[in-house]
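I have placed the structure first, in the form of structure tokens, so that the comments after it can refer back to it.
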Amino acid sequence: MIRYIFKRLVYMIPTLFGMSLIAFLIIQLPPGDYLTSMIASMTQSGQNVDPRQIALLREIYGFDDPIHVQYWKWITGIVTRGDFGHSFEWNRPVSDLIWDRMGGTLTLSIASLLFVWAVSIPIGIYSAVRRHSISDHVFTFFGFLGLAIPNFILALTLMYVSYRFLGQSVGGLYSPEYVGAPMSWGKLLDFLAHLWIPVIVIGTAGTAKLIRILRANLTDELHKPYVVTARAKGLPEYKVVLKYPVRIALNPVVSAIGWVLPELVSGITITAIVLNLPTAGPLLLRALISQDMYLAGSFILLMGVLTLVGMLISDILLALLDPRIRFR
Amino acid sequence: MTAMHSTAQFHDEAGPAVTPLKPTGGREEIAVAGQWTLIWHKFARNKLAVFSAAIIVLLYLIAAFAEFLAPGDPSASRPQYTYAPPQPIGWFVESEDGERRFQPHVKGYTVEVDPASYRRTFVPDDEQIVPIGFFVEGTPYRLWGLFEMNTHLIGALDPTQPMYLLGTDRLGRDLLSRLIYGTRVSMSIGLVGVAMSLVLGIVLGSLSGYYGGWVDTSIQRLIEVVSAMPTIPLWLGLAAAIPLTWSPLQVYFIITLIVSLLGWTGLAREVRGRFFALKTEDFVTAARLDGSRERRLIFRHILPSLTSHILAVVTLAIPTMIIAETALSFLGIGLKPPVVSWGVLLQDAQNIRTVSSAPWLLAWPAGAVVIAVLSFNFFGDGLRDAADPYES
Amino acid sequence: MTEVSAVGEITRVGETAQRPASSDPVLSVEGLSLDFLLRRHILHAVRNVSFTLERGKTLCLVGESGSGKSVTARALMRIVDKPGKITGGKVVLNTDGNPVDVTALPDGSKEILKLRGGKIGLIFQEPMSSLSPVHTIGSQIIEVLRLHRAMSKKEARAETIELLRQVEISNPEEMIDRYTFEFSGGMRQRAMIAMALACDPDILIADEPTTALDVTTQADILGLIKRLQTSRGMALLLITHDLGVVAEVADEVAVMRYGRIVEMGDVDTIFHAPQHPYTKRLLASTVKLEKGRAASQSRPRAETVPILSVRDVTKVYGGAKEWFGKAAFALKAVDSVSFDLHAGENLGIVGESGSGKTTLGRLILRVTEPSEGAIIYRPERGEEVDVRALSKDKLRDFHRQVRLVFQDPFASLNPRMTVKQVIADPLVVSGGMTGKAIEEKVAHLLELVGLDPLAMERYPHAFSGGQRQRIGIARALALDPKIIIADEATSALDGSIRSQILDLLLDIQRQLDLSYIFISHDISTVRYFCDRVAVMHKGKIVELDTAEKICTTPEEAYTKSLISAVPSPDPRNKRMLHRHRFQA
């Protein structure tokens, strides 16, 4: 088992490397660099630009180095010092800005993932066992609808509905009075009251997909000979289903973290922009529009790392759940 | 149970005992039916998929004849009609002498000013009748850039009078016309994007398969990396790099490219997986032993078995592309006005205040996206289920 | 009891009057009928079936695939899958003097759950998939014990170890915590038996329990079942398609076809005085295989130079350095195999699964590249071709003369091509023939393999398994080959069709100048078909001699154990259960 985890960890290194390359590419992609645009705006507003100061800045940020040297400086900064570069827009180190926001993204990811599982597992099992029943068809219909509605449209619609019919404005994770307040029971309850809309918005598509996968898998498993064996033992039907085929059909649900998590993080980004949640999304969009590339690149890198860690956890869970993987 | 011996009467039955419920016919027809006939039979049984296919065809027809179908110019704004609500069509008018007469029409608007906020709102006015007609003359256009025309499917008989079946936006532009023109951009991005994905997927997939070894490994790792990245942040990152000076057409293509850049991985994986599975099939080995060279093996035996699956996967990839474009444009980082797409339309519905005063700005474009995506999903599912007519 | 179909009534030779009053059937089935409501039709899977089971006795239900025998067995426990429904008849279970009609019990009731596993135990075909892969063997057996016998965890565990010991699993204390994928097929079937017997049932239903196993394992498992049955005094319902197995273990036999029992009686009568034509046919196709090559042409072997010589051919899998620098486990799938094939000869290669026989066939054709050794092909007198040295182009020429017939008639024909295209493919590739000539050739080939030439425009899906195999043979013959390698070419087919295909191959040999390399796990088939037989075990040829010699007086210990494990389809000459065991 330890060997297995170690192997998975080693296997992650090239993927991490690839992700860092993509993030770096995005940082480098916009034409020119931040300094050029800063100089441009300074000259425009009639400020004096000291060429020596510019040269100094260029050297500090290594804008004149060859590209691989720049990458090396950037990545070693992150790995050895936790230094993600400098946010030019905020004029602060990127690392000061990101952790808070990534925390929000992480919280929402976990909450949404739990929601996805809590909803899709019982419905998936029910739909497979009662195939072609009316409720199965209803679930299937809503599943298709859930897949077809993009996150942000769902968010806008829910916002409209609650504004129009419930008379409350949705958005943010806290009511205004709690925003700066220290943690308390009241704040936690307020947080939970705000959490459900984003969680539903973010989780719907994943839930719909997972229901389909679980239904298809369980339908296959229900016809396997070991189910007949379990039945022939004299187990009651619910136990036959829950103990054997469901246990095996859950494997893809667990391994689904691998693709559900990137989708959730992706969904959180856009939903957070619409609902104005304090996660990485809105800040990332702002950074991209103002071409504050170190900040933007760091977010993209960290979101990738987040999903990668999720995959590692799903691999480990899977190995715990299925001895066939453990022994391979 | 000792010496008990029993036999049934000595007649031979030819097959299992069966009571037919439906007439089974056309055995001979099935026997000589090729792959595509069988796929079609299987597909046609899925009514929902057939219906969705019809919707998709309809959407592409709308896209093709946008100029004719749209009542007006999508960018023509009339500031006097901002946020005008949709007008329902009436079919009969009653003249003063109480006589009913067939005349399609919409109601005009009167302006009400909210005394508290001084906001102007439009209300349909039953007194004002705007007669409308079919195949009316209106704004001139060039259909497909070729034919000078000015006939529109529907429009106000007097072009100066307002006819906004789906309402107007912030600048008083006709939402129906914009939606129809948006169909062209949004639906074609799906198609072009998927075509690019397919090319990328096939090129990289065959490189992977042909060279094998480290090329295969690194392409597989690339796929892994790309599919592990959350897509929207990555799209945002790439789209943000588009220079503001680029022309709408350039932006259109680069957005399609970005969208397909991340869509090819699933395709490549599917194709590669099926390809490797087929390579070890008995009938492919048999063909090799028959003396077929690699080329013949691939083109005569492997590819015909793949095409239906590829088609299904491609269809299922289109909705993702449509959603991607919509999301990017919605965030203001993809297509930008004056280009009209569903995403650009939704951009107008970004804040809750607009949505609550003009809900049609959210409802219609969002509805269009959902219908398109749903249709592609149902159609693609139907195709996928029918793709292999030989599995029992 | 209503007759479902109008196709004939069962006439019993000696109706109820003759039933002995003394015996007390533990289970009696009376007029059982079962329908499957399908989309297009109702399938009457079981029609008016009656039989009885008695303590200590074995009833064999025999029939080809689709005859309804498995469904019948499952109906006794009420575990028929969804669209299936019992439409008539009674299943009376009488274990303790209180007869119960199983068909009358409500679905999912306590009584049904109690009899499943408690009174009736079930083992069935797929030892690979009939146990849960994610639970240990022990936990699956303990579950039954705790369910029916209300044991504590500790007691149940001790009892499970005892059960595993009884089914002859060595080192049961350790094996109890293993998972199924750590077990071999035979071991899994033993564990399955332990589970079925855990609660000391009165009836054991064994549904094709050994079909997926090798002959030697089959003999062991059947022996075990038989011993346990005797010691526990259970009634055994054995379902099989293999008449050899029936002859070895049955007391009474019921022959099923298309959902009804066409003939029932004691085993000796069924085998030696069958009444129904179907039973006769079934026996005829089996006995023929057993008798040895009827039309063995002991042709004079004038040519001393063999047409194909295989020398020290070896295939090693793995063995390369692994990731962490540890050398991976190397497997010799084929280990210095040598043999000669003479013109016009049929050489059989038999072995159990994993013996390397299929790999050997592929090595000769270089579908898989041999690691070592030489393959010499002599198409004409004096001409020698070193197959391993052939270039890609020359190898194609070789493939024209040495052809392969596949095991699976469904996977080996491209479903997207018409029969004409399939058969003509080798002709088109080799070129030099007009479309018309090709069509004539295809028509001729179809006639040769006993199919209607008019069917050439059809697609493979319009043909049955046996017909498809004929198409495969026609394709192999298209280029006038010298040698045909038939890799388990008949093992996917039902008994009667199998013998037709074998006769077809022999018939073609008489018309054309051909040699066969016939690879099979089925010794009786090989005996019927081949002049000489090579016995493979763990990648090596352990014995190579004439078919007669191998099958009657083998020399090597392994061959002896293999031959003695083959069930004999004659109840007067049981062999398998007193067999010669081989310790490798």
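The listed residues B:Asp126, C:Asp177, C:Asp335 rank as B:Asp126, C:Asp177, C:Asp335 when sorted by accessible area, largest first, using a 1.4 Å probe.
With each label modelled as a point 7 angstrom along the Cα→C-beta vector, the B:Phe253-B:Leu157 pair spans 4.8 nm.
Taken over the protein assembly as shown, the percentage of Cα pairs per 10 Å bin, counting from 0 up to the bin with the maximum distance, is 1, 7, 13, 16, 17, 16, 12, 9, 6, 3, 1, 0, 0. Each listed q (0.15 Å⁻¹) maps to a log10 I(q)/I(0) for region A:98-289 from the Debye sum over equal C-alpha point scatterers, namely -0.92. Close lysine pairs were tallied over region A:98-289: pairs 8 or more places apart or on different chains with Cα atoms under 27 Å apart number 7. The mean count of C-beta atoms from other chains within 10 Å of the C-beta of residues in C:271-279, rounded to a whole number, is 3. Taking A:Gly103, A:Gly186, A:Gly146 in turn, the Gaussian network model of chain A (Cα-Cα springs below 10 Å) assigns the largest fluctuation to A:Gly186. For region B:147-197, applying the loop criterion from DSSP together with a ceiling of 14 other beta carbons within 10 Å to the trypsin sites (Lys or Arg not before Pro) yields B:Arg170.
What you get for region B:178-386, charging only the Cβ of Lys and Arg (+1) and of Asp and Glu (-1), is a dipole of about 280 debye around the Cα centre. Each residue, B:Leu165 and C:Asp107, gets one label point 7 Å from its Cα in the Cβ direction; the gap between the two is 5.1 nm.
For the residues of B:360-372, the average number of beta carbons from a partner chain within 10 Å of their own beta carbon is 2.
Buried on complex formation within region C:22-49 (loss of at least 20 square angstrom of accessible surface versus the isolated chain, 1.4 Å probe, ligands and nucleic acids ignored): C:Arg39, C:Arg40, C:His41, C:Ile42, C:Leu43, C:His44, C:Arg47.
Axis angle, to the nearest 10 degrees, between helix A:51-61 and the longest C-alpha principal axis of chain A: 30 degrees.
I want the antiparallel fraction of DSSP beta bridges within the protein assembly as shown, as a percent rounded to 5. Close to 70 percent. Scattering from region A:66-156 was approximated by placing one identical point on each alpha carbon and applying the Debye formula without solvent; log10 I(q)/I(0) at 0.22, 0.23, 0.26 1/Å stands at -1.13, -1.17, -1.24. Over chain C, the hull volume per residue, using the convex hull of the C-alpha atoms, is 190 Å³. Comparing mean-square fluctuations of A:Gly124, A:Gly281, A:Gly77 from a GNM of chain A with C-alpha springs under 10 Å, the top value falls on A:Gly77. Working from label points 7 Å from Cα in the Cα-to-Cβ sense, the B:Val93 to B:Ala44 distance is 4.9 nm. For the protein assembly as shown, with all protein chains in place and a probe radius of 1.4 Å, 59% of the accessible heavy-atom surface sits on carbon or sulfur. Buried between B and C is an accessible area of approximately 5500 Å², summed over both sides with a 1.4 Å probe.
Net charge dipole, chain B: roughly 1240 debye, given to the nearest 20, about the Cα centre with Cβ charges of +1 for Lys and Arg and -1 for Asp and Glu.
Relative contact order, whole percent, for chain B stands at 20, derived from Cα pairs under 8 Å and 6 or more residues apart. Take the accessible area of chain C alone and of chain A alone, subtract that of the pair, and you get about 2500 Å² summed over both chains, using a 1.4 Å probe. At R0 = 35 Å, how high is the FRET efficiency between B:Glu294 and A:Phe142 if r is their beta carbon distance? Nearest 0.05 is fine. Given R0 = 35 Å and the Cβ-Cβ separation, E is 0.15.
For the residues A:Val265, A:Val228, A:Val138, a GNM of chain A with alpha-carbon springs under 10 Å puts the largest fluctuation on A:Val228.
A:Met311 sits with roughly 50 Å² accessible to a 1.4 Å probe, with DNA, RNA and ligands left out of the calculation. Along chain B, the exposed loop sites are GluC sites (Glu not before Pro) outside DSSP states H, G, I, E and B with at most 13 other Cβ atoms within 10 Å, and the longest stretch free of them is B:100-390.
Within chain B, what's the longest run with no chymotrypsin sites (Phe, Trp or Tyr not before Pro) in a DSSP loop and at most 16 other beta-carbon atoms within 10 Å? Give the range, please. Please list the in-between numbers first.
Working: sites that count: B:Phe10, B:Phe65, B:Tyr118, B:Trp144, B:Trp246, B:Tyr390.
No qualifying site falls inside B:247-389, the longest such stretch.
In this assembly, the A-B interface accounts for approximately 3600 Å² of buried accessible surface in total, computed with a 1.4 Å probe and without ligands, DNA or RNA.
These residues, A:His86, C:His44, C:His241, go from largest to smallest accessible area, 1.4 Å probe, as C:His241, A:His86, C:His44. Annotation note: chymotrypsin sites (Phe, Trp or Tyr not before Pro) in region A:250-328 located in DSSP loop regions with a Cβ neighbour count of at most 16 within 10 Å are A:Phe327. The residue list B:Phe147, C:Ala462, B:Leu200 was ranked by how far each Cα lies along the charge dipole of the protein assembly as shown toward its positive end, using unit charges on Cβ atoms, and C:Ala462 comes out on top.
Counting only protein heavy atoms and a 1.4 Å probe, the protein assembly as shown has 44 square angstrom of accessible area per residue.
Here the calculated FRET efficiency for A:Phe17 and C:Arg146, from their Cβ-Cβ distance with R0 = 45 Å, stands at 0.30, rounded to the nearest 0.05.
Projection of the Cα convex hull of chain B, averaged over all directions and equal to a quarter of that hull's surface, yields 37.2 nm². Treating the angle as unsigned and between 0 and 90°, give the value, to the nearest 10°, between the Cα long axis of helix B:303-330 and the longest Cα principal axis of chain B. Helix B:303-330 and the main axis of chain B meet at about 30 degrees. Calculated from the alpha-carbon coordinates, region C:308-553 shows an Rg and a Dmax of 18.7, 61 Å respectively.
Here's the list of lysines a cross-link from C:Lys420 could span, going by alpha-carbon distance under 24 Å and ignoring same-chain residues fewer than 8 apart: B:Lys279, C:Lys436, C:Lys441, C:Lys482. Counts of other chain beta carbons within 10 angstrom of each beta carbon in peptide B:217-229 average 5.
Restricting the trypsin sites (Lys or Arg not before Pro) of region B:287-340 to loop positions (DSSP other than H, G, I, E, B) with no more than 16 neighbouring Cβ atoms within 10 Å leaves B:Arg293. Principal-axis analysis of the Cα atoms of chain C puts helix C:495-511 at an angle of about 10° to the longest axis. On the principal axes of its alpha carbon atoms, region B:178-386 extends 71, 35, 27 Å, with the longest extent given first. Taking the Cα centre of region C:362-503 as reference, the dipole from Cβ charges on Lys and Arg (+1) and Asp and Glu (-1) amounts to some 240 debye.
If each DSSP helix of 4+ residues adds -39,500 (n - 2.57) and the sum is divided by the residues in chain C, what number results at 222 nm, nearest 500 deg cm²/dmol? Can you show the working numbers first?
Working: 19 runs with 205 residues, N = 584.
Helix contribution divided over all residues of chain C: -10500 deg cm²/dmol.
Calculated FRET efficiency, A:Leu188 to B:Ser356, Cβ-Cβ distance, R0 = 30 Å: about 0.50 to the nearest 0.05.
The values are calculated or read from the model by the stated rules, or taken from the named source; none is laboratory data. Quick caveat: nothing in here was measured; it's all calculated off a predicted structure. Backbone-built Cβ (ideal geometry, glycine too); neighbour counts: all protein chains shown. Please note that ligands, DNA and RNA were not included when accessible areas were found on the heavy atoms of the full protein model with its side chains. Shrake-Rupley method; radii C 1.70, N 1.55, O 1.52, S 1.80 Å.
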